[in-house]
Amino acid sequence: MNQFRESAIKLKISSQLVVGARAHAEQRLKFEFDRFGLSDQQRLSMITLGTIGQMIFEDFLLAREIDHDFEQQAGNYDNFDFRIGGRIVEVKTSGFGGGQEWQFLNAIYNESQLIVALHKGFFATVQIFINGYDRVTKILSCDNCIDAVIVGWIEVSEISMFPAKNLGYAAAHVIPLNDLHPIESLLEALAISRPEI
């Protein structure tokens, strides 16, 4: 019953991380394809959200002394987000307003991105939620962006078990949070041994 609430990892987001993510997002805005017909401010918010999620996940790996490669997108396309133990792990980040609102959301995976991920042999995707996001205006308030929740992960090959739905802007697989695996089990699935502390 709602295992994701107990296994989710809640982290604080530093203002330095937000500033760095925003600067990176401003550079990426020059290359990022507008998939959803959003304004530049909304696109900048979406890119910033994704960048914060990637940086939070890297902090998670570093804190556990997990060897990894991190490719932060700088041009038109990246080949992967993270490579851990020879396998590709992608980070998906969504925004929420605040409090416990994230618990009532779903993981969403775009159908066209799933085709690419399967073709490239991605192993897993990690779902992260970031606060400070207004879901109506689709704008991230960087000043209010202080909490991250790493909810869990799913094998990319499992995503197609959840039928794609038309969400108005694209077809996407909607995955209930209860169907995600606890994030700590990702290390086991990747056969990563953690150093003794």
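Quick check: is even one residue across region 62-77 over 23 Å from residue 141 (Cβ atoms) and assigned to a helix (DSSP H, G or I)?
Among the residues of region 62-77, at least one is over 23 Å from residue 141 (Cβ atoms) and assigned to a helix (DSSP H, G or I), which makes the answer yes.
Mind listing just one residue for me: the one in region 36-73 that is farther than 26 Å from residue 144 by Cα and surrounded by fewer than 19 Cβ atoms within 10 Å (Cβ to Cβ) and, of those, modelled with the lowest pLDDT?
Here the residue is 71.
Checking residue 165 against (1) among the charged types (D, E, K, R); (2) in contact with a Pro (Cβ under 8 Å, 6 or more places away or on another chain); (3) part of a strand (DSSP E or B), only one condition comes out false. Which one?
All conditions are met except number (2).
Is it the case that some residue within region 20-43 is touching a Phe, Trp or Tyr at 6+ places or on another chain (Cβ under 9 Å), under 14 Å from residue 130 (Cβ atoms) and not small (Gly, Ala, Ser)?
No: zero hits.
May I ask you to verify whether residue 81 is closer than 22 Å to residue 18 by Cα, surrounded by 15 or more Cβ atoms within 10 Å (Cβ to Cβ) and in contact with an Asp or Glu (Cβ under 7 Å, 6 or more places away or on another chain)?
Considered against the rule, which asks whether it is closer than 22 Å to residue 18 by Cα, surrounded by 15 or more Cβ atoms within 10 Å (Cβ to Cβ) and in contact with an Asp or Glu (Cβ under 7 Å, 6 or more places away or on another chain), residue 81 comes out as yes.
Looking at this structure, is residue 122 surrounded by 13 or more Cβ atoms within 10 Å (Cβ to Cβ), in contact with an Asp or Glu (Cβ under 9 Å, 6 or more places away or on another chain), part of a loop (DSSP other than H, G, I, E, B) and not acidic (Asp, Glu)?
When the stated conditions are applied, residue 122 passes them.
Keeping to region 143-193, report how many residues are closer than 23 Å to residue 88 by Cβ, charged (D, E, K, R) and touching a residue at least 24 places away in the same chain (Cβ under 8 Å).
3
Out of the residues in region 1-13 meeting the condition of being polar (S, T, N, Q) and either within 21 Å of residue 46 (Cβ to Cβ) or more than 18 Å from the chain's Cα centre (by Cα) (or both), tell me which one is surrounded by the most Cβ atoms within 10 Å (Cβ to Cβ).
3
Please indicate, with yes or no, whether at least one residue in region 80-93 is acidic (Asp, Glu), farther than 19 Å from residue 113 by Cβ, part of a strand (DSSP E or B) and touching a strand residue (DSSP E or B) at 6+ places or on another chain (Cβ under 7 Å).
no
Here is a check on your reading of the model: is residue 25 more than 17 Å from the chain's Cα centre (by Cα) and either at pLDDT below 95 or loosely packed, with under 13 Cβ neighbours inside 10 Å (or both)?
no
With 128, 52, 146 as the choices, which residue is of a type outside the set (Lys, Arg) and farther than 28 Å from residue 165 by Cβ?
Criteria check complete, one pass: 146.
The values are calculated or read from the model by the stated rules, or taken from the named source; none is laboratory data. Since this is a predicted model, take the numbers as computed values, not measurements. Note that we place each Cβ from the backbone using ideal geometry, even for glycine, and neighbour counts take in every protein chain shown.
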